[in-house]
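Here is the structure we will look at, set down as structure tokens.
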Amino acid sequence: MIEKLRHLFTETLTQLFGENFSHIDSLVVPASNPKFGDYQCNIALSLAKTLQQSPRVIAQTIIDNLKIDDFCETLEIAGPGFINIKIKSDYIAQQIKLAYKSDNLGVTKIEESSKVIVDFSSPNIAKEMHVGHLRSTIIGDSIARILEFRGYDVLRLNHVGDWGTQFGMLISYLRLEKPEVLTTANAVEIGDLVTLYKQAKIKFDQDLEFQEKARQEVVKLQSKDPESIKAWQLLCEQSRREFEVIYKLLDITLTERGESFYNPFLSDVIIDLKKANILTEDQGAKCVFLEGFINKENKPLPLIVQKTDGGYNYATTDLAALKYRINEDKASRIIYVTDAGQANHFIQVFQVAKKANYIPDNVELVHVPFGLVLAEDGKKIKTRSGETIRLKDLLDEAINRAKKDLENRLETEIRNETEEFINQVSKIVGLSAVKYADLSQNRTTDYKFSYEKMLALQGNTAPYLLYAYVRVQGISRKGNIDLNQLNSDTQIILTQDSELVLAKHLLQLDFIIKEVEKDLLPNRLCLYLFELSQKFNQFYDQCPILSAEEKVKLSRLILADLTAKVIKQGLSLLGISVLERM
């Protein structure tokens, strides 16, 4: 609806004031206050200087020439020149019917599909996934789901840390302390492997002879020594199995393409930078100096692409990956979901890529930064011993707490449920609560992690949204009605305020999805779903459904079922499953 209005306003502006206005933003936005209407157009104020007329005169001229009587009430001018727009209720009823019939609930698909890469999660081999991986994993998954829903061809890449000096260090240490790990699958648990890694790091920092052994091991890996490669593969496979436990639990799908994948292309990056005449040798290292980057001494800060010993680093790998994703994967938009601390790294990498002529005009690079997950005291979330919390432990705790809450509720309500029901509900509620608590925050900010708040049945939480969905299924069970058999040609009757408010909100889904597609802020979708649940609960409380006369009953059932469908689809785009009963 908002796109239709924007198109009609722009068309009218072009007819009135000439072709220069054919690409102008008509500034049609949802109304800031429902009492003024459904939408408002603010274009008249911005045109006053250009047209040398008062905004109210411009607004009146637009209204006199705008042909929208078929779906809008009489337009009104407010204040200095705002145009208030109210949609006719019978038109809203028609659109509700169309959305109900639509496979996509009224969300339009892109006209021509294009390739988008979402790079997210990215744990390190030989290390356990911890709370720090939570945000990248679920934010990236949600962005990928939303873009897929819109019709993009999305490649979900897991850029795992599976190469570098740390592997020479770890393999060298395991040769000394636990050689069977390097020849036998599953010879060690991932937790023990992490401990061994920490011990290897201590030895590496303190023992010069061991440092040299580790470096020699890296050379053997790079030269594809069969014994070293087998050891490396076993370590990767062990970690991969552990990652998969988390991804299965969270319902995350990823294509692994680690740092090692780009090894053959690293030397080409150096050649490309030389050709572009942007490579500088500084103290034996090859680097690129960029404008705006200085160190504490106020001297230029370079992006190093080849170290003094000839080795490469993260920046080189990211440049090689970027080139591959553009030339081989044919991506038109590449999205990196990492913590905000890497913002400068990506600014530098993108600048170097641009100077190296890697980025065509039709390719967009986006860094999607996110803040920290904090404990309720505002400090970094850690275990009592000061260790970073394992992601698996955090998720298990959420499920266990959801189970206790459910068992207490069942006892209060004197309900008997099977163990299977209790486990299933606990798992979905617990995991949904964690995901939603994260996604409902503006990703650019830090947030405080609280099991109590995220599991609450009231407020902007996953359980509140799930309960709204369950309510609709309860209507179906109580009335013995198969919602799948409702006649989609049923007349939609919107006579009560709460009916109209709910219907209007349902029709904003398309606008919200497109906004998230553009700015990559899933919290916008969360807020929409929360407000939808609120409006549905008001409708449910104020408009009897099963006891209403037949025509009204059928219309309200359609509204309720469409609400449930939108909640289900919206939660699915956040990576959250629904429940038929709670």
Along the dipole axis of the chain (charges at Cβ: +1 for Lys and Arg, -1 for Asp and Glu; origin at the Cα centre), the most positive-end residue among His130, Phe449, Phe261 is Phe449
Computed about the Cα centre, the charge dipole of the chain from +1 Lys/Arg and -1 Asp/Glu charges at the Cβ has a magnitude in debye, to the nearest 20, of 400 debye
With a 1.4 angstrom probe the carbon and sulfur portion of accessible area for the range 100-189, in percent, totals 43 percent
Note on the range 270-413: alpha-carbon gyration tensor, axes a ≥ b ≥ c; rule is a/c under 1.5 for rounded, else prolate if a/b larger than b/c, else oblate; result prolate
Of 73-86, 104-117, 128-141, ordering from highest average Cβ density within 10 Å down gives 128-141, 73-86, 104-117
Taking the range 337-496, the lysine pairs whose C-alpha atoms sit under 16 Å apart (8 or more places apart or on different chains) add up to 13
Per residue, accessible area of the range 94-216 with a 1.4 Å probe, heavy atoms of protein chains only, in Å², comes to 42 Å²
Sorted largest first, the C-alpha extents of the range 324-400 along its principal axes in whole angstrom are 50, 25, 16
Semi-axes a, b, c in Å (a largest) for the range 465-537, each sqrt of 5 times a Cα gyration tensor eigenvalue, come to 26, 15, 13
Taking protein heavy atoms only, a 1.4 Å probe, and rounding to whole percent, the accessible area of the range 245-375 owed to carbon and sulfur comes out at 49 percent
Filtered hits (lysines, Cα-Cα < 21 Å from Lys109, offset >= 8 within chain) -> Lys4, Lys97, Lys101, Lys330, Lys504, Lys514, Lys518, Lys565, Lys568
accessible surface per residue for the range 264-338, probe 1.4 Å, DNA/RNA/ligands not counted, whole Å² -> 54 Å²
With +1 on the Cβ of every Lys and Arg and -1 on the Cβ of every Asp and Glu, the dipole magnitude of the range 341-400 about its Cα centre, in debye rounded to the nearest 20, is 280 debye
Taking Rh as the Kirkwood radius computed over alpha-carbon pairs of the range 429-514 and applying Stokes-Einstein at 10 °C with viscosity 1.306 mPa s, one gets a diffusion coefficient in µm² s⁻¹ of 100 µm²/s
Quick note, the chain: a/c under 1.5 would make it rounded; otherwise a/b > b/c is prolate and the rest oblate (a ≥ b ≥ c, C-alpha gyration tensor); here it is oblate
In the range 376-427 the accessible area split gives carbon plus sulfur, as whole percent at 1.4 Å, a share of 43 percent
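The values are calculated or read from the model by the stated rules, or taken from the named source; none is laboratory data. As the structure is a computational prediction, the values presented were derived from the model and not from experiment. Heads up, the Cβs are rebuilt from the backbone with ideal geometry, glycines too, and the neighbour counts pull from every protein chain shown. Quick note on the areas: whole protein, heavy atoms, side chains included, nothing else; ligands and nucleic acids left out. Shrake-Rupley method; radii C 1.70, N 1.55, O 1.52, S 1.80 Å.
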